[in-house]
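Participant: Starting off with a structure, shown below.
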Amino acid sequence: MAKVTYIEDNGTEHTIDVENGTSLMEAAVKQGIPGIDGDCGGACACATCMVYVPEEWQGKLAKVETMEESMLDFCERREDSSRLSCQIVASDEIDGIRIQMPESQH
Ligand code: FES
């Protein structure tokens, strides 16, 4: 189980518990947290689940795979800290993680 804080672009925070093995996109969509669309359902094919991950957490995540990398290229608001939240899977390792959503996913 990981406690995850999602921070909207306007600073509003949502902290929820996410079961290990569940993606941070899936958990956000299920809980109705705004700022993550997840249009493709987590197939790494839409890039509407992009989030910014603070540097201190990046090393705890799985590496960016080729498919995620190419989808990130479609994100207008991509930054160095960008990741697709459908590719971040909850685990005890990331308990306490804080991720920031972009102003919009398009
Ligand atoms: Fe579509 Fe993440 S939900 S790429």
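The values are calculated or read from the model by the stated rules, or taken from the named source; none is laboratory data. Predicted model, so just to flag it, every value in this text is computed and none were measured. Cβ coordinates were reconstructed from backbone atoms using ideal geometry, including for glycine residues, and neighbour counts include every protein chain displayed.
Participant: From L72, L24, grab the single residue that is touching a strand residue (DSSP E or B) at 6+ places or on another chain (Cβ under 7 Å), of a type outside the set (V, I, T) and within 15 Å of K3 (Cβ to Cβ). Write out each step before concluding.
Facilitator: Values: L72 fails: within 15 Å of K3 (Cβ to Cβ).
The match here is L24.
Participant: Continuing with this model, one more query. I'd like to check something: does the range 96-106 contain any residue that is buried (at least 19 other Cβ atoms within 10 Å of the Cβ), at pLDDT below 95 and closer than 20 Å to I7 by Cβ?
Facilitator: The answer is yes; a qualifying residue exists.
Participant: Do you know which residues across the range 39-53 are of a type in the set (V, I, T) and not in a loop (DSSP other than H, G, I, E, B)?
Facilitator: Quick first cut of the range 39-53, residues of a type in the set (V, I, T) only: 48, 51, 53.
Residue satisfying the conditions is V51 alone.
Participant: Next up: Name, by its number, the condition in (1) within 16 Å of the ligand (Cβ to nearest atom); (2) assigned to a loop (DSSP other than H, G, I, E, B) that does not hold for R83.
Facilitator: Every condition holds for R83 apart from (2).
Participant: Looking at M71, M67 in this structure, which one is crowded, with 17+ Cβ neighbours inside 10 Å and within 14 Å of the ligand (Cβ to nearest atom)? Steps first, answer last, please.
Facilitator: On the way: M67 fails: crowded, with 17+ Cβ neighbours inside 10 Å.
The unique qualifying residue is M71.
Participant: Here's something else I'd like to know. Only one of E76, E55, E93, E19 is charged (D, E, K, R) and modelled with pLDDT under 95; which? So that I can check it myself, show each step before the final result.
Facilitator: On the way: E55 fails: modelled with pLDDT under 95; E93 fails: modelled with pLDDT under 95; E19 fails: modelled with pLDDT under 95.
Going through E76, E55, E93, E19 in turn, just one is charged (D, E, K, R) and modelled with pLDDT under 95: E76.
Participant: Which numbered condition trips up I36, out of (1) more than 16 Å from the ligand (Cβ to nearest atom); (2) not in a strand (DSSP E or B)?
Facilitator: (1)
Participant: Residues being closer than 12 Å to S85 by Cβ and not in a strand (DSSP E or B): count how many of those fall in the range 4-33.
Facilitator: Quick first cut of the range 4-33, residues closer than 12 Å to S85 by Cβ only: 4, 6, 18, 22-29, 33.
With not in a strand (DSSP E or B) added as a condition, the list becomes 22, 24-29, 33.
Counting residues in the range 4-33 that are closer than 12 Å to S85 by Cβ and not in a strand (DSSP E or B) gives 8.
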